[in-house]
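Trainee: Sharing a structure here in structure tokens format.
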Amino acid sequence: MLHIVNKSPFEKNSLESCARLSKSGSCILLIEDGVYGALVDSETNEMIQSCLRDRSVYVLGEDIQARGIQREQLVMGIEVVDYAGFVKLTVEHDKVQSWL
Amino acid sequence: MLHIVNKSPFEKNSLESCARLSKSGSCILLIEDGVYGALVDSETNEMIQSCLRDRSVYVLGEDIQARGIQREQLVMGIEVVDYAGFVKLTVEHDKVQSWL
Amino acid sequence: MSEELQSGIVKKFLYINRRAPHGTNYAQEGLEVALIGAAFDQDVAMAYLDDGVFQLKTGQDTKTIGTKNFSATYRVLGDYDVKRVYVERESLECRGLSEGDLMPLVYEDEDNDWEEKPLIHIVSAEEMQQIIDESDVLINF
Amino acid sequence: MSEELQSGIVKKFLYINRRAPHGTNYAQEGLEVALIGAAFDQDVAMAYLDDGVFQLKTGQDTKTIGTKNFSATYRVLGDYDVKRVYVERESLECRGLSEGDLMPLVYEDEDNDWEEKPLIHIVSAEEMQQIIDESDVLINF
Amino acid sequence: MKFAVLVNEGPYTHQASDSAFNFTQAALEQGHQVIRVFFYHDGVNNGTRLTTPPQDDRHITNRWSQLAQEHDLDLVVCVAAAQRRGIVDEDEQKRHNKDVNNIADGFRISGLGQLIEAGIQADRLVTFGD
Amino acid sequence: MKFAVLVNEGPYTHQASDSAFNFTQAALEQGHQVIRVFFYHDGVNNGTRLTTPPQDDRHITNRWSQLAQEHDLDLVVCVAAAQRRGIVDEDEQKRHNKDVNNIADGFRISGLGQLIEAGIQADRLVTFGD
């Protein structure tokens, strides 16, 4: 299952809820302001680390570039996909949950 | 100075920012979904307690009634005002900051 | 309804409600979908988590703020073939609420002499994970 | 501008920016107000706190998402009589950012042979409390 | 006392417009002056005459129009925000070559300067939004 | 594969409509079918022909209309949400006795059943919103 998070974890509880309610083995994609959750050295780091333990985490490349975030600033283990990769993730996973 | 918070503290960081950035002696009014921050026995209780230590905290009566919250469910020390009281608070304080 | 729909595809729809009522109208518009969905003979369940649990709070009365009071509509969910309403326990506890703060929703069990049965199931975060994972179509409010 | 405005009321305007850029357009529309406000000869300052600090991040490029790239506009703030830009240190640190991650904004000091001076002041939460408290008109984005 | 009210959200989706209305009404009832209600961001969507909410619900736009008529309120829709969101009066219709307009009674479209002017002239600016 | 896309936010205010557009385009480029784009909540505001964004900015509504024409997309605006927000086509104009309509090319207004139908018929429903 693919989970999408589009809100900053510093502002809203979307990533936190996604982390709590997504199953081990599922996939999480951060888009829009959700990509701020991938920043290394931030206070939400632990949340994303706990996701990475048993889930795969992706971040939308177009959205990190728009926000001036470099790949080096991402938590290790997070992979970058573009919109074509976003579509592929929705194909690979049998359903999609958007944590708005 | 009057600070207004209209977002649930469980969902958004507005009350947290208001608590951090409002001065001792100022006044905080919870309206709309912000009134959930006044609920006793909740995890955000400490945040509102820290506000009550050196600031006055009000909650909009019309908004707690809409949400089925009884006065007994409010943290001790929080006062209830109606819209007329809301207007009076904006008159008594020389400026108004809305933590949207 | 189109022919294809009558051909018998039945999917598990889960309406996930994560927002408080009244501050936004997602709660109200979410109810509208659930009720309309009844006409489609799908397997429909509702999930209430995060601030969504406030939607089920007893005693809501919006006369004072002049907005539409739709909280009575939750009581008819059972009549619209919604047989399962899940509420996450962790979300309740974090907000200082318990099951007693929620409206007592029921449905009439047609397989059991129309006996009234509770519609609300309080579930753990782990059970909610499973409920989400087993659904086919997830619509969020 | 009306006569009353020319009569010389000068208020302290503080534009408080608490939201990330691009996910919503509050940042962009907040800039528009600040620039238009220059015509009114008021005392204008900007505050960046919470996710608002992300607005000043270097290297933003929205070509990829097809939205308007307004981040260059921050550089002209100084030309529009905005002389003080405050950024809360706690908000930066919580997000793993430091001053070096921010665009270097400057203004030309007319009282000092048009010397270029930094526009951004990193302040503590306590200083930000004071800045907010001393302002007359607070507009939030 | 002179108030100005800023509304940043559209009707129905968020409570902001309802709260702003209730506040404005309460201020007027206490004899205060409301020198301007400024609609910004999605708030401009309050100013369309094309809404038809369910009959058992409040009509947010009409309510503003009526209050404006009763109290000679100045309801200003931000032009820049309105252009992005499709709120159009007769002038804007001509300027942008649109076939119709949709502004509601009692609302007018004007610049952001009107917000700043309101901030200068009012004793209190109170903001409602998301 | 058959996709359905749900858009819950209006143009410009939130990135949701941009993301939905980029996603839809990418899905079409990969040869997938997008059986319906459903505009709900404030998302209905994408369907007005009255917007005039600044010339150096994208025109969100026209972009949807063009994509719909090129790929025969079904852009459906939720009627209940549209009534609350003032999005009107010819039928709605007549039914509610409005003097004008404002629906954009390629959009049509229909019921919530169209969303549920899309959920049943599509292999994937992808939601963009606030």
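The values are calculated or read from the model by the stated rules, or taken from the named source; none is laboratory data. For clarity, every value in this text was computed on a predicted model and none was experimentally measured. Virtual Cβ from ideal backbone geometry, glycine too; neighbours counted across all protein chains shown.
Trainee: Among the candidates D:Asp101, D:Asp133, single out the residue that is within 26 Å of A:Asn45 (Cα to Cα) and either at pLDDT 95 or above or within 14 Å of chain A (Cβ to nearest Cβ) (or both).
Mentor: Unique residue meeting the criteria: D:Asp101.
Trainee: For the structure I just gave you, tell me whether B:Leu89 is in contact (Cβ under 8 Å) with a residue 12 or more places away in the chain, buried (at least 23 other Cβ atoms within 10 Å of the Cβ), touching a Phe, Trp or Tyr at 6+ places or on another chain (Cβ under 8 Å) and aliphatic (A, V, I, L, M).
Mentor: no
Trainee: State which residue is farthest from the chain's Cα centre (by Cα) when the search covers only the range E:103-130 and only residues that are more than 9 Å from chain D (Cβ to nearest Cβ) and β-branched (Val, Ile, Thr).
Mentor: It comes out as E:Val126.
Trainee: Let me ask something else. So, of the residues in the range F:84-102 that are in a loop (DSSP other than H, G, I, E, B) and touching a residue at least 40 places away in the same chain (Cβ under 8 Å), which turns out to be nearest to the other protein chains (Cβ to nearest Cβ)?
Mentor: Among residues in the range F:84-102 that are in a loop (DSSP other than H, G, I, E, B) and touching a residue at least 40 places away in the same chain (Cβ under 8 Å), the one nearest to the other protein chains (Cβ to nearest Cβ) is F:Asn102.
Trainee: Read through the list (1) within 9 Å of chain E (Cβ to nearest Cβ); (2) modelled with pLDDT of 95 or more; (3) surrounded by fewer than 24 Cβ atoms within 10 Å (Cβ to Cβ), then give the number of the only condition that F:Asp72 fails.
Mentor: For F:Asp72, the exception is condition (1).
Trainee: All but one of (1) surrounded by fewer than 20 Cβ atoms within 10 Å (Cβ to Cβ); (2) in contact (Cβ under 8 Å) with a residue 60 or more places away in the chain hold for E:Asp105, so report the exception by its number.
Mentor: For E:Asp105, the exception is condition (2).
Trainee: Considering only residues that are farther than 30 Å from F:Ala20 by Cα, over 11 Å from the mean Cα position of the chain (by Cα) and surrounded by 17 or more Cβ atoms within 10 Å (Cβ to Cβ), which ones fall in the range D:68-79?
Mentor: Those that are farther than 30 Å from F:Ala20 by Cα, over 11 Å from the mean Cα position of the chain (by Cα) and surrounded by 17 or more Cβ atoms within 10 Å (Cβ to Cβ): none in the range D:68-79.
Trainee: While we're on this one: Looking at the range D:33-62, which of its residues are of a type in the set (Ser, Thr, Tyr) and surrounded by 16 or more Cβ atoms within 10 Å (Cβ to Cβ)?
Mentor: Those that are of a type in the set (Ser, Thr, Tyr) and surrounded by 16 or more Cβ atoms within 10 Å (Cβ to Cβ): D:Tyr48, D:Thr62.
Trainee: Can you pull out every residue in the range B:69-84 that is within 9 Å of chain E (Cβ to nearest Cβ) and surrounded by 17 or more Cβ atoms within 10 Å (Cβ to Cβ)?
Mentor: Within the range B:69-84, B:Tyr83 is the sole residue that qualifies.
Here's the yes/no breakdown for (1) at the interface with another protein chain (Cβ under 7 Å from one of its Cβ atoms); (2) within 22 Å of B:Gly61 (Cβ to Cβ):
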position	(1), (2)
C:Gly23	yes, yes
C:Glu29	yes, no
C:Glu32	yes, no
C:Asp61	yes, yes
C:Thr73	no, no
C:Glu90	no, no
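Trainee: Another question, if that's okay. Check off (1) surrounded by fewer than 17 Cβ atoms within 10 Å (Cβ to Cβ); (2) within 12 Å of chain B (Cβ to nearest Cβ) for C:Glu127 and give me the number that stays unchecked.
Mentor: (2)
Trainee: Out of curiosity, is F:Ala81 at negative phi and either more than 9 Å from chain E (Cβ to nearest Cβ) or surrounded by fewer than 24 Cβ atoms within 10 Å (Cβ to Cβ) (or both)?
Mentor: no
Trainee: Additional query: When you scan the range B:14-21, do you find a residue that is in contact (Cβ under 8 Å) with a residue 40 or more places away in the chain and more than 14 Å from chain C (Cβ to nearest Cβ), even just one?
Mentor: Pass one, the range B:14-21, residues in contact (Cβ under 8 Å) with a residue 40 or more places away in the chain: B:14-15, B:17-18.
Checking which are more than 14 Å from chain C (Cβ to nearest Cβ) leaves us with B:17-18.
Yes - at least one qualifying residue is present in the range B:14-21.
Trainee: Of these, A:Ser42, A:Ser98, A:Ser24, which one is more than 16 Å from A:His3 (Cα to Cα), hydroxyl-bearing (Ser, Thr, Tyr) and at the interface with another protein chain (Cβ under 10 Å from one of its Cβ atoms)?
Mentor: The match here is A:Ser42.
Trainee: Also: Working carefully through the options C:Ile65, C:Ile120, find the one that is within 14 Å of chain B (Cβ to nearest Cβ) and crowded, with 16+ Cβ neighbours inside 10 Å.
Mentor: C:Ile65
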